[in-house]
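Below is one structure, written out as structure tokens, with a few remarks after it.
The values are calculated or read from the model by the stated rules, or taken from the named source; none is laboratory data. As the structure is a prediction and not an experimental result, all values here were calculated from the model. Every residue, glycine among them, receives a Cβ derived from its backbone with ideal geometry; neighbour counts consider all protein chains shown.
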Amino acid sequence: MCPRDASRCVPAPPATPLAAPSASSHWPGDRAAVPTTGARWRGRVQPRPPSPPLLLPAPRGPARPHFPMLPRAAALPPGASVGPRRLSTPPIGTEEEQPPRGPEPRGRAMESLPPREEAAVPAGEASEEPDSGSRRWGAQHAGARELAELYSPGKRLQEWISVILCFSLICFNFYNLLFYLRLEHTPSIIVGIFAGVITADFLSGLFHWGADTWGSVELPIVGKAFIRPFREHHIDPTAITRHDFIETNGDNCFMTLVPLANMAYKFVSFSPEALYETCPWECYVFALIIFITMTNQIHKWSHTYFGLPRWVIFLQDWHVILPRKHHRIHHVSPHETYFCITTGWLNYPLEKIGFWRCLENMIQGLTGEKPRADDMKWAQKIK
Ligand SMILES: [Zn+2]
Ligand SMILES: [Zn+2]
């Protein structure tokens, strides 16, 4: 199934599902990611054609130094759908030869990210195959290079300070929280932690959706500091696997500083009786803060296919944190769904009720702004 140039194909690895790198999923939303027993197309199930050679490395296998860039369409059976809104895959050799286009209407297929996007190379190893004259995603993409260069020393310093302050406050608050825990609070603490995780997932989606869909890198201060990483991530999704701990977590640590400081203030100024009383609430807030702080680390793990600790893979497989297969659905252009990246629990229900679409229609109606206009502009930079 290699299109046009057979010399660019790599030998097929052992038959591994394209987007099922690990144990089976335990979440309904994941099943929409990749066809399993047949490709659903135009409302009926097509018999599955003979397996084409898959062009991804076997997950968790030994690292390969280099993968040729191939369109995702080449690695899927004809008509296979990738995401929940995909009705069909364009014929091989048509979509990939066209220059980048503007946003497609919802529900239309637009295969824009090649399998390299998720066939993440080992951290620190950015192997790309430059090929002038055609669209490329990854570190060699002109827009990705320009965005990466905007990462400034000032931004780096802000990230360092945020990480140090954030983890110091987390330790202080955790110690104090343990001090006020009581056995009779156990049920409300469990509910509080669960609610905190759900809230964090929703907020991760809301923030991610906002940064992906609106604003631009040219905006003063927030553009380069907070919107730039989202633009870079769509055109070079594996860049995040090459970011160190500070760059990965700096922004999220920055966001949780105020609530962490507020919690610390309560611990030093409130009476013990008041603190016993509010302990379940503080557990909710603390779980929310911890999961928001960890969100981008969890997101980075969802793009990492080599060298993940076993416990991280276990948590992904059981959908305690964002699974790799699940997050692939977001990375299909035009990046309009599955924005929640902490646990991903809310992605399926929010997609079902058309939550993001409603919000976008409302904002577009009020402001006249087109969703994802800046994101598409960066994606189209080819020089
Ligand atoms: Zn995104
Ligand atoms: Zn991602």
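Some points to look at:
Yes or no, residue by residue, for (1) within 15 Å of ligand 1 (Cβ to nearest atom); (2) in a helix (DSSP H, G or I):
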position	(1), (2)
PHE207	yes, yes
VAL217	yes, no
PRO259	no, yes
LYS300	yes, yes
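- Answer residue from segment 285-309, given it is among the aliphatic types (A, V, I, L, M) and away from ligand 2 (no atom under 16 Å from the Cβ) and is farthest from ARG242 (Cα to Cα) among those: VAL285
- Residues that are in a helix (DSSP H, G or I), closer than 18 Å to ILE290 by Cβ, within 16 Å of ligand 1 (Cβ to nearest atom) and hydroxyl-bearing (Ser, Thr, Tyr) are absent from segment 224-242.
- Counting residues in segment 308-322 that are under 28 Å from PHE226 (Cα atoms), within 16 Å of ligand 1 (Cβ to nearest atom) and at pLDDT 95 or above gives one or more.
- Put simply, of PHE291, PHE286, PHE245 the only residue that is touching a residue at least 12 places away in the same chain (Cβ under 8 Å), touching a Ser or Thr at 6+ places or on another chain (Cβ under 6 Å) and away from ligand 1 (no atom under 16 Å from the Cβ) is PHE291.
- For segment 328-352, taking the residues that are more than 16 Å from ALA211 (Cβ to Cβ) and within 14 Å of ligand 2 (Cβ to nearest atom), the one that is surrounded by the fewest Cβ atoms within 10 Å (Cβ to Cβ) is identified as SER333.
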